[in-house]
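The values are calculated or read from the model by the stated rules, or taken from the named source; none is laboratory data. Values in this document were obtained by computation on a predicted structure and should not be read as measured data. Cβ: placed from backbone, ideal geometry, glycine included. Neighbour counts: every protein chain shown. Areas reflect the complete protein model, heavy atoms only, side chains present, ligands, DNA and RNA absent. Shrake-Rupley method; radii C 1.70, N 1.55, O 1.52, S 1.80 Å.
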Amino acid sequence: QSVNLAEILDEVLLLLEQRPHPATLKIAREYPHTLSAHLDPQQIRQALWNLCLNAAEAMPEGGELRVSARTAADENSERIVISVSDTGTGIRPHDLPHIFEPFFSTKAHGSGIGLALVHRIVQDHGGEIEVRSEPGAGTTFRLTLPLTLPSPPAGGEDQGEGV
């Protein structure tokens, strides 16, 4: 459905701010008040929550969580680009290829479901996800989503006729 992505981002960050966190954790918002997109709001909310929660947990002594979103366009398409960055512990290079695998986790109490779910949600929206990380310096997840959801498979519209 058509949604204001900025409102979803605000909701997620407000919920995150209600959780216990170090006083030195700073949350930076870098997106316009209105950012219209056509997507599944519950799924995107879940993906953003997982990314922001992981970022906050990667900074147990505090740091900066930076969330940005903007539209981007070229001759072929219009997209939404969302970045979630932290100044936390980072991800070790040998762990990076595995972070989207179900049940892979480097956290003592992690389930390994969060990033696998994020990856699936981005794929279901016809998007892409990139990760840049430097141990000891932080991580950035960049989601690139089309402004509109991909069309359903052909033939799915007429299923109910003739009943």
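Not counting the cut sites, what is the longest span of the chain without GluC sites (Glu not before Pro) that DSSP labels loop and that have at most 10 other Cβ atoms within 10 Å? All intermediate terms of the calculation are to be shown ahead of the outcome.
Values: sites that count: Glu61, Glu75, Glu157, Glu161.
In the chain, the maximal stretch lacking such sites is 76-156.
Per the helix-only calculation at 222 nm, which mean residue ellipticity applies to the chain, given -39500 (n - 2.57) for every DSSP H run of n ≥ 4 and division by its residues, nearest 500 deg cm²/dmol? Before the final figure, lay out each step's value.
Working: 3 runs with 42 residues, N = 163.
When only DSSP H runs of four or more count, the value is -8500 deg cm²/dmol.
Could you please state how large a percent of the accessible area of the chain is carbon and sulfur, counting protein chains only and using a 1.4 Å probe? Walk me through the numbers before you get to the answer.
On the way: 4830 of 9520 Å².
Ligands and nucleic acids excluded, carbon and sulfur reach 51 percent.
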Hey, can you find the accessible area per residue of segment 1-66 for me, probe 1.4 Å, expressed in square angstrom? 53 Å²
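At R0 = 35 Å, how high is the FRET efficiency between Asn76 and Ala23 if r is their beta carbon distance? Nearest 0.05 is fine.
Working: r = 46 Å, r/R0 = 1.31.
Given R0 = 35 Å and the Cβ-Cβ separation, E is 0.15.
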